[in-house]
Amino acid sequence: MIQYQSTRNQQKKISASKAILSGISDDGGLFVPTKFPQISKEDLEALVRSSYQKRALYLLSSFLSDFSEKELSSYINKAYHSSSFSDIRIAPLIPINDHTYTLELWHGPTCAFKDIALQLLPQLLTASAKKENLKKEIVILTATSGDTGKAALEGFKNIPNTRIFVFYPARGVSQIQRLQMTTQEGNNTFVFGVNGNFDDTQSAIKKVFNDPNFNRILKNNHLILTSANSINWGRLVPQIVYYFSAYCDLIQQGKIVSGTPINIAVPTGNFGNILAAYYAKQMGLPIHKLICASNANDVLTEFIQTGVYNKNRRFFKTLSPSMDILISSNLERLIFHLANREVSVIQDLYAKLEKKGAFSFPVSLLKNDFYAGSCNDHQTKKMIQNIFEKYQYLCDPHTAVAFHVYSQYQQQTGDHFPAVIVSTASPFKFPSSILSSLGYKIPVNSFKQIEKLARISGQKPPFSLTKLQNKPERFTDVVEKEDVCTQLTSTLERGTL
Ligand SMILES: *Cc1c(COP(=O)(O)O)cnc(C)c1O
């Protein structure tokens, strides 16, 4: 039986469903499992011949003790289905050379890795509400810089007893990303542009969460408010599955024997994806090094190399926008585990972060499991070109960052363990960056860019992107950042209030 606690409170233990329903703990901490289920060599070998869905069932059951296998099995089969994933293997492992593989996590409906968690989260969330006897309707409120919003909309569309609101910076997302959201289908989905950048949008949403008047309206109308971002345990736990799955595939493809250590390189922003790999290692998966790859926003590289976390630094807009981040929320979970679960350490460090924007932590504790490096836009483009010319493999800018930092690691250490490079988005989601990396002229229209990339690579672009051309835009409203709360209230009122 696995229970959960906050990183900032040692006393209170809660169930998985309560942790998923709450999202964040009211003491400001994040929920973590009180222990890690252990997966033995034999358990792992038994999964080698299983489907992704079976592997997911085994691993999710080990964490989500208050859900039955029957329940989980039904959610998993709905989430990871050929109607939403274009590759029935869900997270295929693709060989690049004799010791390097990419783990493609972008075959879901929105072409980014966030689908893997967000196809499952709505079902976990609504089932958790039932288990906790909550008859209330759930309102999901999310600010997005591009990928999360669309993945959350696809996950929650038409899910009974939920309504989802996504706010995006009107001029801060790509044409494709905007169309993905403005053409969204579903009878419970709402999308607004905000006049401002991502930080403005995010702060406006944070204000709504803390607005006493808005919270009173929610309460009076039996609504509960939650967010779909990556601090929720229900978003983290589905990500552990694909690391085990990749290892099973390596065995199944005859590339390694069971027990061989591997390295994993992850393009990192909010530290959710790489934390899931760390959890897999804690559960017994033979991972040698976790390679944390940042773009020019290298706050995590500095932290892992020096132990100093300092968010007082310049913010860069890069070619890998989903990693343009200065505050990596999930890092709090890692530090909690590395500090031997001492809540006082977390309280102390995060008070310092609040006050001074910085803290430090013993670097020796980080270096056992992690290596870190960063990659600027120039290096990203070079890597996209290299990988395409050498291996005829097209990778998106986020994945290229991971490739770059992995090659840096290899040069520095000479380590040749098999390596899994985590691929987090389809290259067709960023066609102009890819075309320019490969030295081609860039058509103005995004769909023309997609066509050109398809022609050059000989690959078929994802239908979920090309079909956007012909879809009507349903959500064209752009609101001022001061008006987000009013807009939300009036839209809710036009619903069932
Ligand atoms: C969100 C995202 C990332 C960063 O993942 P984290 O879990 O936040 O570290 C990397 N690549 C892409 C394409 C993403 O959408």
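The values are calculated or read from the model by the stated rules, or taken from the named source; none is laboratory data. Everything numeric in this text was worked out from a predicted model, so none of it was measured. Glycine also receives a Cβ, built like all others from the backbone with ideal geometry; neighbour counts cover every protein chain displayed. For accessibility, only protein heavy atoms count, side chains too; no ligands or nucleic acids. Shrake-Rupley method; radii C 1.70, N 1.55, O 1.52, S 1.80 Å.
Every condition in (1) over 20 Å from I421 (Cα atoms); (2) in contact with a Phe, Trp or Tyr (Cβ under 8 Å, 6 or more places away or on another chain); (3) open to solvent by 10 Å² or more (accessible area, probe 1.4 Å) is met by R313 except one, and the failing one is (2). Answer yes if at least one residue in region 420-435 is of a type in the set (V, I, T) and open to solvent by 20 Å² or more (accessible area, probe 1.4 Å), and no otherwise. No: region 420-435 contains no residue that is of a type in the set (V, I, T) and open to solvent by 20 Å² or more (accessible area, probe 1.4 Å). Assess whether I304 counts as being touching a residue at least 60 places away in the same chain (Cβ under 8 Å), touching a Cys at 6+ places or on another chain (Cβ under 9 Å) and either open to solvent by less than 50 Å² (accessible area, probe 1.4 Å) or in a loop (DSSP other than H, G, I, E, B) (or both). Answer is yes for this residue. On the given criteria, is K381 out of contact with any Ser or Thr (no Cβ under 7 Å at 6 or more places or on another chain) and open to solvent by 40 Å² or more (accessible area, probe 1.4 Å)? Here the answer is no, as K381 does not meet what is asked. Working only within region 69-102, note down all residues that are more than 20 Å from the chain's Cα centre (by Cα), outside any strand (DSSP E or B) and more than 28 Å from M1 (Cβ to Cβ). Scanning region 69-102 gives S82, S83, I88, D98, H99.
Does K54 meet the test of being at pLDDT below 95 and of a type in the set (K, R)? Break it down into steps so the answer makes sense when it comes.
Working: at pLDDT below 95: no; of a type in the set (K, R): yes.
Against the criterion (at pLDDT below 95 and of a type in the set (K, R)), K54 does not qualify.
Filtering region 342-362 to residues that are farther than 11 Å from Y309 by Cβ and either aromatic (F, W, Y) or touching a residue at least 12 places away in the same chain (Cβ under 8 Å) (or both) leaves V343, I346, Q347, P362. Across region 135-163, the qualifying residues are those that are hydroxyl-bearing (S, T, Y) and open to solvent by 10 Å² or more (accessible area, probe 1.4 Å), and the one among them that is nearest to the ligand (Cβ to nearest atom) is T148.
Inside region 82-108, residues that are open to solvent by 10 Å² or more (accessible area, probe 1.4 Å), farther than 20 Å from V48 by Cα and away from the ligand (no atom under 14 Å from the Cβ) make up a count of 7. Here I251, I231, I274 are screened, and the one residue that is under 11 Å from the mean Cα position of the chain (by Cα), aliphatic (A, V, I, L, M) and either open to solvent by less than 10 Å² (accessible area, probe 1.4 Å) or farther than 22 Å from G29 by Cβ (or both) is I274. Taking strands (runs of 3 or more DSSP E) as the structural unit, those lying wholly within region 142-236 and holding at least 2 residues that are in contact with a strand residue (DSSP E or B) (Cβ under 8 Å, 6 or more places away or on another chain) and at pLDDT 90 or above correspond to 162-169, 189-195.
Scanning region 306-343 for residues that are in contact with a Gly (Cβ under 6 Å, 6 or more places away or on another chain) and among the β-branched types (V, I, T) yields one hit, I325. For region 216-275, residues that are within 30 Å of G495 (Cβ to Cβ), among the polar types (S, T, N, Q) and either within 12 Å of the ligand (Cβ to nearest atom) or in contact (Cβ under 8 Å) with a residue 40 or more places away in the chain (or both) total 6.
Taken as a whole, region 111-126 holds no residue that is within 20 Å of the chain's Cα centre (by Cα), under 21 Å from K471 (Cα atoms) and open to solvent by 30 Å² or more (accessible area, probe 1.4 Å).
Identify the residue in region 384-406 that is of a type in the set (A, V, I, L, M, F, W, C) and over 23 Å from the mean Cα position of the chain (by Cα) and, among all such residues, is nearest to K281 (Cα to Cα). Result: I387.
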